[in-house]
Amino acid sequence: MTLQEYLNTKPLYYEKIDYTRMPRVYEKIKSFLNHPKIIHIIGTNGKGTTGRFLANALYSMGFSTGHYTSPHILEFNERIWKNGKNVTNAELEEAYAELQKILSKNDASSLSYFEYTTLLAVIIFKKCDYIIMEAGLGGEFDATAVFAKTLTLVTPIAYDHETFLGSDIEQIAATKLNAIQNNAILAMQNYKDVYKVADKLCSEKKLNIYRVEELLSSADKQKIEEISKKLSLVPYLIENLSLSIAALNFLKLEYTAANFQNPPLFGRVTKINENIIVDVGHNVLAAKSLVDALRGNKYIVIYNSYKDKNYKEILSILKPIILQVEIIVIHDQRAAKIEDIQSTLNNLEIKHTIFQEIKPGYKYLVFGSFSVVETFLKKYYE
């Protein structure tokens with residue numbers, strides 16, 4: 001299998017987890033890796049857009065900047081962004097050759113897809129001034145947690161991936177926040193237990209954990225309002241922008257509104273034409289954020305879900321903005337059974353059908369997962 005074939009395969013989402021593997025491999029090879037300043041992003045929602053706001057700003061300020069995010073929508077290259085653009089295939093091949101030289105065959109073959117590609121990204125970012133590194137599934141045991149970090153940003157924490165992260169917010173927050181090494185900034189949180197866990201960690205581990213509002217002045221708030229109007233940001237994206245600006249203030253880097261000229265990461269309440277919005281959100285918090293952003297309009301929602309998601313609650317939350325649901329068929333082993341989604345829609349008294357085509361005269365919202373947006377863009381949108 002070539003590198004490109006490997007990178008574009010669908011990795012097993014729930015790979016068997018060995019929490020010791022990445023630290024063990026990293027310990028062997030860390031002397032071969034350059035360590036720019038790393039800003040780690042953990043949380044449940046908003047990691048990608050927070051990271052891209054910050055990466056764009058740092059790059060526009062003259063810093064060589066890398067942004068590692070996941071998963072991708074259409075191609076793997078979206079995961080590794082450097083100095084304003086996605087990595088090229090040639091850059092991937094060069095990094096792959098370098099990584100192969102420093103990894104033993106046993107270590108290379110033992111790494112999971114996400115672990116391997118995290119190391120690939122670090123190779124590509126070796127000459128950067130800053131790396132913005134987004135955690136994948138969790139926090140303290142995530143592949144991205146092994147590196148020394150200058151700062152950790154914590155986006156809103158909510159219920160998601162309970163099988164791996166815990167069954168209540170306090171457990172989920174502890175798993176994520178344990179990734180903090182020294183300094184962190186908390187975004188506005190929806191659950192008080194997140195603050196409770198953070199305060200406990202501050203005391204036990206002597207960490208510096210700030211709340212976002214502590215690092216924003218009245219001048220910052222004016223700039224946030226100016227940027228938000230220019231980019232037409234919905235409420236939750238304004239919160240992510242605010243967290244990225246708090247990070248700049250922590251780093252003592254002066255910025256202007258002009259450093260935030262680029263739109264947020266694609267697939268986050270992205271209007272691809274006048275009547276179609278796509279969003280890769282897939283959990284309860286994402287649904288609530290969408291309703292806050294789109295309230296007052298009615299949409300045909302092109303939807304599907306993974307079977308491990310609480311799609312009953314998600315659809316219930318979305319109901320005020322739903323005209324009808326059109327279920328899109330996705331080919332993914334994690335996908336819920338269509339008849340189960342149909343049964344849920346019947347119980348919620350939401351009109352539904354199977355998606356076939358875009359009809360003129362209606363507003364559409366494509367939502368439910370990265371796979372939903374990917375399938376829609378590849379097969380149905382022209």
> Based solely on its DSSP helices, what 222 nm [θ] is calculated for the chain when runs of n ≥ 4 H residues each add -39,500 (n - 2.57) and the sum is averaged over all residues, nearest 500 deg cm²/dmol?
Replying inline: -11500 deg cm²/dmol
> Relative contact order (percent) for the range 95-186, with alpha-carbon contacts under 8 angstrom and 6 or more residues of separation?
Replying inline: 26
> Taking the alpha-carbon centroid of each part, what is the distance from the range 109-144 to the range 78-95 in angstrom?
Replying inline: 14
>> Can you give the Rg/Rh ratio of the chain, where Rg is from the C-alpha atoms and Rh is the Kirkwood radius?
In response: 0.95
> For the chain, what's the relative contact order in percent, using C-alpha pairs closer than 8 Å and at least 6 residues apart?
Replying inline: 16
> Just the accessible area for LEU99, please: 1.4 Å probe, Å², rounded to the nearest 10?
Replying inline: 0
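Once you order the gyration tensor axes a ≥ b ≥ c over the Cα atoms, which shape class does the range 283-382 get: rounded for a/c under 1.5, otherwise prolate or oblate by comparing a/b with b/c?
rounded
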>> Using the Kirkwood formula on the Cα atoms of the range 55-182, what hydrodynamic radius do you get, in angstrom to one decimal?
In response: 15.9
> Tell me, what is the 1.4 Å probe accessible area of ARG211, in Å² to the nearest 10?
Replying inline: 80
> Roughly how many Å² is the accessible area per residue of the chain, as a whole number, for a 1.4 Å probe?
Replying inline: 46
>> With θ taken as phi - 60° and the coefficients 6.51, -1.76 and 1.60, list the Karplus ³J(HN,Hα) couplings across the range 102-115 in order, rounded to whole Hz; mark glycine and proline as x.
In response: 9, 9, 6, 4, 5, 5, 4, 6, 7, 5, 6, 3, 5, 5
> Which percentage, to the nearest 5, of the DSSP beta bridges contained in the chain is antiparallel?
Replying inline: 20
>> Distance between the C-alpha centers of the range 211-272 and the range 23-37? Whole Å please.
In response: 32
> Sequence-distant or interchain residues sharing an amide H contact under 5 Å with ILE132, placed H: which?
Replying inline: ILE39, GLY66, HIS67, TYR68
> Using θ = phi - 60° and the Karplus form 6.51 cos²θ - 1.76 cosθ + 1.60, what ³J(HN,Hα) does each residue of the range 197-209 get, whole Hz, x for Gly and Pro?
Replying inline: 5, 4, 5, 5, 5, 4, 6, 6, 10, 6, 8, 9, 10
> Under a GNM of the chain (C-alpha, springs under 10 Å), which listed residue has the highest mean-square fluctuation: ILE180, ILE132, ILE124?
Replying inline: ILE124
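I need the per residue convex hull volume for the range 30-109, using only the alpha carbons, in cubic angstrom as a whole number.
About 133 Å³ per residue, rounded to a whole number.
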> Along the range 299-311, what does the Karplus equation 6.51 cos²θ - 1.76 cosθ + 1.60 (θ = phi - 60°) give for ³J(HN,Hα), rounded to whole Hz, x for Gly and Pro?
Replying inline: 10, 7, 9, 7, 9, 7, 8, 6, 5, 8, 8, 7, 5
> Mind checking which of ALA121, ALA184, ALA257 has the largest fluctuation in a GNM of the chain, springs on alpha carbons under 10 Å?
Replying inline: ALA257
>> Quick one: the Cα spread of the range 228-326 along its three principal axes, in angstroms, biggest first?
In response: 47, 31, 20
> Per the 1.4 Å probe, what fraction of the accessible area of the range 177-218, in percent, lies on carbon and sulfur atoms?
Replying inline: 46
> Once the other residues with Cβ under 14 Å from the Cβ of THR65 are scored (Lys, Arg +1; Asp, Glu -1), what is the net sum?
Replying inline: +4
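The values are calculated or read from the model by the stated rules, or taken from the named source; none is laboratory data. Owing to the predicted nature of the structure, the values given are computational and were not obtained by experimental measurement. Ideal geometry is used to build each Cβ from the backbone, glycine not excepted, and the neighbour counts take in all protein chains shown. Surface accessibility is based on the protein's heavy atoms, side chains included, excluding ligands, DNA and RNA. Shrake-Rupley method; radii C 1.70, N 1.55, O 1.52, S 1.80 Å.
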